[in-house]
């Protein structure tokens, strides 16, 4: 413990000396750019490292070359890169969500829990330590980043959900709703990318009057509103308009009504 404290004190003393040495020689100078300032600091540091130390009789550079250089390892070939790690569940549409964007993984991993490494440039997906997918990080544009090999058409028969099954569910509500679901699926490069939206719409429709749902679906197709939030907003507006009926002109507490005369 004492050795560690002594080393820490020596490092702090060295930092304090370097700070004083550099600032003392640059304090009266004026710089007009960061590059100019850094260049001046580099020159002063070179003088400091080449200057012999009074107690040892050698310079810092000589000590570095004699004692430390041989023990140093080479720098990594790649620059260090900050990355965030997390976990995600693979959805029905073969994608995971990372900061609002969707990235595909192999079809066989539906419902699996995977590890995600997100750096400034890439998004990597791991299953039990093995990388199963890698994508360029997205910040704008289309939400889906899809590798075609992750969703081969030959595997659709194994999926829990299919476009046909979603259309059949929508057709039970009515033709307009079936048309809305078909439009959502057709708007995506791969139909599977629309599964999440279709399920969200159909689940939001539960418990409402069929006539209202059909009207909302027709309006959504007309306005090209093909996402959950937009359809939910149209549905909420429709229900609110239904509930806000104006009172009858002749509503009154003293109104006798036709039954009074019989």
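The values are calculated or read from the model by the stated rules, or taken from the named source; none is laboratory data. Since this is a predicted model, take the numbers as computed values, not measurements. Backbone-built Cβ (ideal geometry, glycine too); neighbour counts: all protein chains shown.
Checking 230, 200 one by one, the residue that is outside the structural domain of residue 104 (by TED's automatic domain parsing) and either within 19 Å of residue 92 (Cα to Cα) or touching a strand residue (DSSP E or B) at 6+ places or on another chain (Cβ under 8 Å) (or both) is 200 and no other. Summed over region 19-71, residues that are within 45 Å of the chain's Cα centre (by Cα), surrounded by 10 or more Cβ atoms within 10 Å (Cβ to Cβ) and not in a helix (DSSP H, G or I) total 1.
Would you point out the residue of region 92-127, among those that are under 30 Å from residue 79 (Cβ atoms) and free of Cβ contacts under 8 Å to residues at least 24 places away in the same chain, that is surrounded by the fewest Cβ atoms within 10 Å (Cβ to Cβ)? So the residue we want is 99.
Here's the yes/no breakdown for (1) at pLDDT 90 or above; (2) assigned by TED's automatic domain parsing to the domain that holds residue 148; (3) out of contact with any strand residue (DSSP E or B) (no Cβ under 8 Å at 6 or more places or on another chain):
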| position | (1), (2), (3) |
| --- | --- |
| 2 | no, no, yes |
| 18 | no, no, yes |
| 35 | yes, no, yes |
| 39 | yes, no, yes |
| 87 | yes, yes, no |
| 95 | yes, yes, no |
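For residue 220, the conditions (1) modelled with pLDDT under 90; (2) touching a helix residue (DSSP H, G or I) at 6+ places or on another chain (Cβ under 8 Å) all hold with the exception of (1). With respect to (1) buried (at least 21 other Cβ atoms within 10 Å of the Cβ); (2) outside any helix (DSSP H, G or I), the lone exception for residue 207 is condition (1).
What do you reckon, is residue 78 in a loop (DSSP other than H, G, I, E, B), under 30 Å from residue 123 (Cα atoms) and assigned by TED's automatic domain parsing to the domain that holds residue 148? No.
Is it the case, given these coordinates, that residue 83 is surrounded by 12 or more Cβ atoms within 10 Å (Cβ to Cβ) and modelled with pLDDT of 90 or more?
yes
Within the option set 185, 199, 166, 180, being surrounded by 12 or more Cβ atoms within 10 Å (Cβ to Cβ) and either part of a loop (DSSP other than H, G, I, E, B) or modelled with pLDDT of 90 or more (or both) holds for one residue only, 180.
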